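Student: So that we are looking at the same thing, I have put the structure below in structure tokens.
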């Protein structure tokens with residue numbers, strides 16, 4: 001997959017995630033996220049799965065940023081605070097392939 005396609009997919013993903021997040025916040029506020037997470041074992045499983053995926057994305061961003069000579073810490077902190085928004089924005093801003 002070329003870098004332009006990756007960037008476009010990241011933009012689409014960011015837009016979809018953003019719209020869903022705004023709708024979720026409008027419906028239940030921040031407390032709605034906590035209630036949703038603990039609603040059942042199925043929702044707990046989904047949350048844990050997402051946390052594991054974010055950890056893998058943090059490792060990828062760390063390695064990719066280091067290859068490019070970038071500071072990975074802002075992206076890591078953002079990922080811990082806003083989840084998948086951070087890796088999507090990272091892809092849009094920095095791409096996934098090391099620069100030469």
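The values are calculated or read from the model by the stated rules, or taken from the named source; none is laboratory data. All of these numbers come straight from a predicted model, not from anything done at the bench. FYI the Cβ positions are ideal-geometry reconstructions off the backbone, even for glycines, and counts take in every protein chain you see.
Student: Between residues in segment 1-20 that are more than 11 Å from residue 85 (Cβ to Cβ) and residues that are loosely packed, with under 14 Cβ neighbours inside 10 Å, which pairs lie under 7 Å by C-beta distance while being six or more apart or on different chains?
Tutor: Here the result reads 3/97, each pair linking segment 1-20 to a residue that is loosely packed, with under 14 Cβ neighbours inside 10 Å.
Student: On the phi < 0 side of the Ramachandran plot and either touching a strand residue (DSSP E or B) at 6+ places or on another chain (Cβ under 6 Å) or free of Cβ contacts under 8 Å to residues at least 24 places away in the same chain (or both), is that true of residue 24? It would help to see each step written out before you state the result.
Tutor: Details: on the phi < 0 side of the Ramachandran plot: yes; either touching a strand residue (DSSP E or B) at 6+ places or on another chain (Cβ under 6 Å) or free of Cβ contacts under 8 Å to residues at least 24 places away in the same chain (or both): yes.
Yes.
Student: Kindly provide the set of residues from segment 59-88 that are crowded, with 16+ Cβ neighbours inside 10 Å, part of a helix (DSSP H, G or I) and either in contact with a strand residue (DSSP E or B) (Cβ under 8 Å, 6 or more places away or on another chain) or in contact (Cβ under 8 Å) with a residue 24 or more places away in the chain (or both), ordered by number.
Tutor: If the condition is that a residue be crowded, with 16+ Cβ neighbours inside 10 Å, part of a helix (DSSP H, G or I) and either in contact with a strand residue (DSSP E or B) (Cβ under 8 Å, 6 or more places away or on another chain) or in contact (Cβ under 8 Å) with a residue 24 or more places away in the chain (or both), then 61, 64, 65, 79, 85, 86, 87, 88 are the ones that fit.
Student: Please go through segment 30-44 and pick out each residue that is at pLDDT 85 or above, farther than 17 Å from residue 83 by Cβ and assigned to a helix (DSSP H, G or I).
Tutor: Kept after step one, since they are at pLDDT 85 or above, are these residues of segment 30-44: 40-44.
Keeping just the survivors that are farther than 17 Å from residue 83 by Cβ gives 40-42.
Listed by number, the residues that qualify are 41, 42.
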